[in-house]
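Just so it is clear, none of the values below were taken in a lab; they were calculated from the coordinates. Here the structure is a predicted model, which means the values were calculated and not measured. Glycine gets a Cβ as well: all are built from the backbone with ideal geometry, and neighbour counts include every protein chain shown.
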Amino acid sequence: MSQINFAKEIIEELNEQINFFKNYKIKDLTIGKTWETRAQKISSSINSNPEILIEFKKSNIFNSDVPAGNMNLIKKFIYNFFLYLPHQIRYHPYINMLEDGYDLLKKKNLLNLAIENPITETGLPLIFKKKGLKYTFRWLRHILLLDSFNKHLQNKKDLNFIADIGTGFGTFPYIIKRNYPKKKFILIDLPEQLCAANYYLKSEFPNLRFATFKDLKNVEIIDRNFVENFDFVLVPCFFIDKLSKNVTDLITNFASFNEMPQFWFKKYMNSEIFNGAKYLFTMNRIIRPQMDQTKDLDISIMDLPLEKYEKIHFDIFELYKWRYESVKVFNIPLYGKKVWFDAHYEYIGSRKT
């Protein structure tokens with residue numbers, strides 16, 4: 001099947017989901033204005049031009065990255081110009097972040113791990129290259145998460161099923177599956193995000209088994225026996241109550257618990273799947289204001305039920321230490337001003353019995 005026909009097939013299934021969920025009732029359901037606007041933009045864009053799904057990393061509308069693949073011609077010219085200057089000059093915000101990330105991997109002795117797990121070309125990301133290493137800022141995040149998994153979870157004999165809440169286009173399931181082929185994955189997110197995950201993971205693992213919306217819509221309970229038949233099960237967040245208590249061993253969430261409306265945060269915290277998992281692995285901001293500036297309270301580390309877990313690992317996530325604000329002239333970014341990033345933490349725990 002050609003790429004374009006493959007993309008159209010996935011988009012058709014997304015449209016079926018959207019129509020299905022228009023009449024799917026969850027009390028007080030809201031995904032928030034920010035996420036609803038993004039979801040509508042994704043759906044509209046890929047329906048009008050399926051190439052945007054094929055180039056989902058370059059388009060930068062599913063999950064943002066650095067360097068951004070959708071820079072306009074002027075911004076791309078400026079970025080490419082600074083690429084040819086000594087990076088020690090540290091003018092361009094993107095180059096600053098990518099150089100900082102490389103330095104962090106070097107400090108942690110993770111350059112070999114990054115080289116062994118190169119960023120994939122699927123989705124056509126704009127890739128930064130340094131001394132044989134190809135990466136983006138988002139990819140470095142997953143190299144660090146892979147390292148933590150290797151150090152703290154790889155030897156757990158009772159960890160075979162992993163549920164990734166807010167999976168985006170499935171980078172964490174991809175990189176863990178690549179290193180641990182026997183693990184099975186449940187990916188949970190909005191249908192539009194799972195659309196990209198569907199395209200990405202099927203492109204990278206064409207011979208593996210997938211369960212998507214068409215397989216799930218008439219299933220009453222998604223339990224361990226069901227997931228056992230697949231490598232990846234892509235579950236729209238609206239089906240969270242279909243997931244049984246014993247369906248996963250590990251819950252993961254990276255950089256999205258803080259971004260949710262309180263409704264969805266509480267729904268995940270109270271769900272069968274969350275409370276039935278033996279392990280939790282998360283990386284998030286210590287606190288973040290509500291994205292939609294609603295009356296909802298901010299979500300912080302204090303809102304997670306960490307008292308229910310025995311700590312395995314806890315630390316500051318160093319990749320998000322600095323960020324760079326663009327200083328613009330005539331709306332053109334010329335250099336990056338160094339400022340503190342919102343503090344992020346990384347936590348791995350085992351549920352108390």
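Working from the Cα coordinates of the chain, the gyration tensor eigenvalues give, after taking √(5λ), semi-axes of 31, 24, 21 Å in decreasing order.
Antiparallel beta bridges, as assigned by DSSP with both residues in the chain, represent about 55 percent of the total such bridges.
Overall, the chain carries a charge dipole of about 760 debye about its Cα centre when +1 sits on the Cβ of Lys and Arg and -1 on the Cβ of Asp and Glu, all other atoms neutral. Loop-located chymotrypsin sites (Phe, Trp or Tyr not before Pro) in the range 71-135 (DSSP state other than H, G, I, E, B) with a sparse environment of at most 11 neighbouring Cβ atoms within 10 Å: TYR84. Annotation for the range 1-40: trypsin sites (Lys or Arg not before Pro) lying in DSSP loop with at most 14 further Cβ atoms inside 10 Å of their Cβ are LYS22, LYS25, LYS27.
Annotation: the residues LEU243, LEU306, LEU133, sorted from fewest to most other C-beta atoms within 10 Å of their own C-beta, follow the order LEU306, LEU133, LEU243.
Note on the range 21-71: Kirkwood hydrodynamic radius from all Cα pairs is 12.4 Å, rounded to one decimal. Couplings for the range 285-291, taken from phi via the Karplus curve 6.51 cos²θ - 1.76 cosθ + 1.60 with θ = phi - 60°, read 5, 5, 7, 9, x, 4, 5 Hz in order; Gly and Pro are left as x. Among the chymotrypsin sites (Phe, Trp or Tyr not before Pro) in the range 8-55, those placed in a DSSP loop whose Cβ has at most 16 other Cβ atoms within 10 Å are TYR24. For ASN284, the residues whose modelled amide H falls within less than 5 Å of its own, excluding neighbours fewer than 5 places apart on the same chain, are ALA255, TYR345.
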